[in-house]
Amino acid sequence: EAATAAAPPAAPEYFARDCWLIVLTDGGDNQSRRSLPEIAQRLRDAQDATERSVNLIIVGIGLMPSLTDKMKELAHATPKGAYLHVPQSGGAAAIDEAFKVVAQLLTAKVLWMDVHDGVLAVSDYAGQVSVCNIEGERNWAKQSAGNGGWMCRSELGGPDGRGGVYHGHSKGVTKYAFGTGDEIWSTTTPTPVMFGWAGAKYLYAGTASPIPVDATVSFFSRNDETPREARIMVLDKATGQPECVAICDSTVFCTAATPDEKLLFAGDAGQCVYCFDLENREGAAMGEAAPRVKRLWKFRTTCGTALSMQCHGGLLYIVSTQGTLACVDLADEAIEKARKGAAEAAIDRTAMLSTALPVVQASSTVDTTTDTTNAVLVRCVRDGGRLRVRPISHNFDKGWNVQFPKDIREEGAIYVVSDLTKSVAGGFYRAVGAPKKLQPVPAAGVRVLDVAAHQPMQNVLQAAGLAFQKGKVYYEFHKKETIQAHKQVMLRDKTSGSLYAGEAARDLLGLNDPARPRDATLTPVQLANWTVFVQSTSSNRHLHPGSQCLVDLR
């Protein structure tokens with residue numbers, strides 16, 4: 001009845017397709033003898049009747065393990081369901097903490113994010129997957145057939161050379177083209193996809209435990225220890241076809257494979273970690289098209305349920321529901337000791353984290369410099385109402401954006417970086433090295449003189465009470481001219497009015513480009529962003545009326 005109730009009129013549009021049932025129980029408050037599949041079927045019926053996602057969150061207080069597992073199965077049978085365990089000794093404070101998590105579940109939209117080649121792929125509760133560029137702008141978004149979407153993996157290239165974004169949801173797995181979002185293939189899974197791992201050739205999609213349709217045992221019976229098999233679907237990344245299946249005893253929360261894709265690891269809702277031999281395939285079970293792979297071992301963790309894992313260097317790293325980062329030794333010797341019950345005691349590193357560690361604070365300030373030696377210059381410009389950073393040094397595509405911290409961007413500012421590297425797919429650059437802001441010449445260090453009529457430079461200086469000093473006076477560039485290598489220039493930004501001098505100014509004009517002569521010929525049409533002033537070696541140079549000259553007072 002609660003599931004079929006209409007959503008409040010003021011509910012955000014996002015929740016228009018969602019209903020939530022929140023249950024608080026200590027395991028002794030239920031008198032119903034309905035079986036597990038009956039309860040699950042009622043939830044499905046409510047979902048069909050309302051055409052919304054009906055989700056069950058159970059907060060269990062001090063439940064026995066056998067009942068806890070059944071609670072998890074029922075909650076995870078709903079698209080966005082969750083089971084939250086509260087220790088009997090936790091008291092009201094622990095219940096308050098659990099309901100803070102409930103609040104997060106009700107309001108959260110994003111389930112997973114994956115970054116590849118600077119492109120961000122995001123999956124959400126509504127079954128949508130979105131891909132954003134380095135500026136945070138959406139390239140494309142697609143609605144998959146199912147809802148949910150904890151699994152979101154992206155890649156360029158891949159076995160078929162097309163790249164893709166792999167989205168696991170309540171109906172299965174869908175592959176979209178990395179660049180355009182076009183659907184490449186879609187594979188249905190028997191139960192909702194929870195999480196997955198992408199290897200070089202295969203995709204490993206962990207799924208939820210099914211609710212058996214022939215179960216007669218009461219859901220709340222404490223004597224039913226029947227495992228609820230959950231599958232890890234091993235899919236060919238090019239075609240989406242199942243290659244083999246790995247079987248766990250409960251809903252699979254995470255998967256990972258070794259780089260050579262010979263071993264597969266998984267973590268389930270029963271706080272267990274598994275290892276499978278992907279090269280040892282047994283016969284397919286009845287009703288299954290793909291063969292099963294051999295399970296090598298299964299161990300229960302001592303730190304809760306693994307939510308994420310990764311294999312590296314013969315070690316398996318997991319992050320658990322208890323907020324623990326744990327490392328598992330995968331060496332044959334260590335596994336054999338564990339089989340015999342003689343595993344070495346885990347080393348607790350918590351004390352190391354209690355010591356004072358350096359804290360890095362976020363900052364919107366940036367160091368300044370006047371040194372552009374062997375550096376690359378980029379500039380912050382306004383484009384369509386947004387600030388972009390683009391290269392201005394030679395040998396770079398001036399139309400490409402640069403991946404650059406947004407909180408230090410300042411319109412018109414010029415930044416110095418060590419280098420720019422091209423993204424794998426092209427289209428943008430990544431800045432290398434800590435960016436520094438190019439320091440303009442201080443306004444007090446330069447005097448600006450207006451030229452009213454055609455006259456020698458010496459006359460303009462005398463009228464201002466100044467004497468000519470070789471190398472200190474700059475005339476305004478206004479016609480095609482060759483600028484010798486020994487001459488310095490000053491540049492004035494037409495947008496910001498900032499002045500730049502020295503080798504930095506020559507870099508900004510491209511005069512230091514190794515591909516061009518040091519004595520470079522420029523025309524005013526090339527200088528749309530700058531007013532250029534050239535160092536004068538003669539006081540008799542005639543100045544153009546309406547122009548200016550600069551005197552370096554530093």
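Yes/no matrix, rows are residues, columns are (1) of a type in the set (Phe, Trp, Tyr); (2) over 21 Å from Thr531 (Cα atoms); (3) surrounded by fewer than 17 Cβ atoms within 10 Å (Cβ to Cβ); (4) modelled with pLDDT under 90:
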residue: Ala431; (1), (2), (3), (4): no, yes, no, no
residue: Lys436; (1), (2), (3), (4): no, yes, no, no
residue: Ala444; (1), (2), (3), (4): no, no, yes, yes
residue: Leu449; (1), (2), (3), (4): no, no, no, no
residue: Gln462; (1), (2), (3), (4): no, yes, yes, no
residue: Gly465; (1), (2), (3), (4): no, yes, yes, no
residue: Lys480; (1), (2), (3), (4): no, no, yes, yes
residue: Ala485; (1), (2), (3), (4): no, no, yes, yes
Test: Leu307 is open to solvent by less than 40 Å² (accessible area, probe 1.4 Å), of a type in the set (A, V, I, L, M, F, W, C) and not in a helix (DSSP H, G or I): no
Residue match in the stretch 514-524 (condition: farther than 18 Å from Met457 by Cβ, open to solvent by 40 Å² or more (accessible area, probe 1.4 Å) and in a strand (DSSP E or B)): yes
Test: residue in the stretch 280-302 that is in contact with a strand residue (DSSP E or B) (Cβ under 9 Å, 6 or more places away or on another chain), open to solvent by 30 Å² or more (accessible area, probe 1.4 Å), under 27 Å from Val165 (Cβ atoms) and not in a loop (DSSP other than H, G, I, E, B): no
Residue check, Asp329 closer than 20 Å to Lys262 by Cβ and either free of Cβ contacts under 8 Å to residues at least 24 places away in the same chain or of a type in the set (A, V, I, L, M, F, W, C) (or both): yes
The stretch 310-355, residues that are among the β-branched types (Val, Ile, Thr) and surrounded by 11 or more Cβ atoms within 10 Å (Cβ to Cβ): Ile318, Val319, Thr321, Thr324, Val328, Ile335
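Would you mind stating whether Lys470 is surrounded by fewer than 16 Cβ atoms within 10 Å (Cβ to Cβ), more than 45 Å from the chain's Cα centre (by Cα) and in a loop (DSSP other than H, G, I, E, B)? Quick ask: steps written out before the conclusion?
On the way: surrounded by fewer than 16 Cβ atoms within 10 Å (Cβ to Cβ): yes; more than 45 Å from the chain's Cα centre (by Cα): yes; in a loop (DSSP other than H, G, I, E, B): yes.
So Lys470 passes the test.
Can you name the residue in the stretch 92-127 that is more than 28 Å from Tyr429 (Cα to Cα) and in a strand (DSSP E or B) and, of all such residues, is most open to solvent (accessible area, probe 1.4 Å)? Reasoning before the result, please.
Restricting attention to the stretch 92-127, the residues satisfying the condition of being more than 28 Å from Tyr429 (Cα to Cα) are 92-109, 111, 124-127.
Subsequent filtering for residues that are in a strand (DSSP E or B) retains 111, 124.
On the way: Leu111: 44, Asp124: 26 Å².
Across the stretch 92-127, the extreme among qualifying residues is Leu111.
The values are calculated or read from the model by the stated rules, or taken from the named source; none is laboratory data. For clarity, every value in this text was computed on a predicted model and none was experimentally measured. In this analysis, Cβ positions are derived from the backbone assuming ideal geometry, glycine residues included, and neighbour counts consider all displayed protein chains. Note: areas computed on protein heavy atoms with side chains; ligands, DNA, RNA excluded. Shrake-Rupley method; radii C 1.70, N 1.55, O 1.52, S 1.80 Å.
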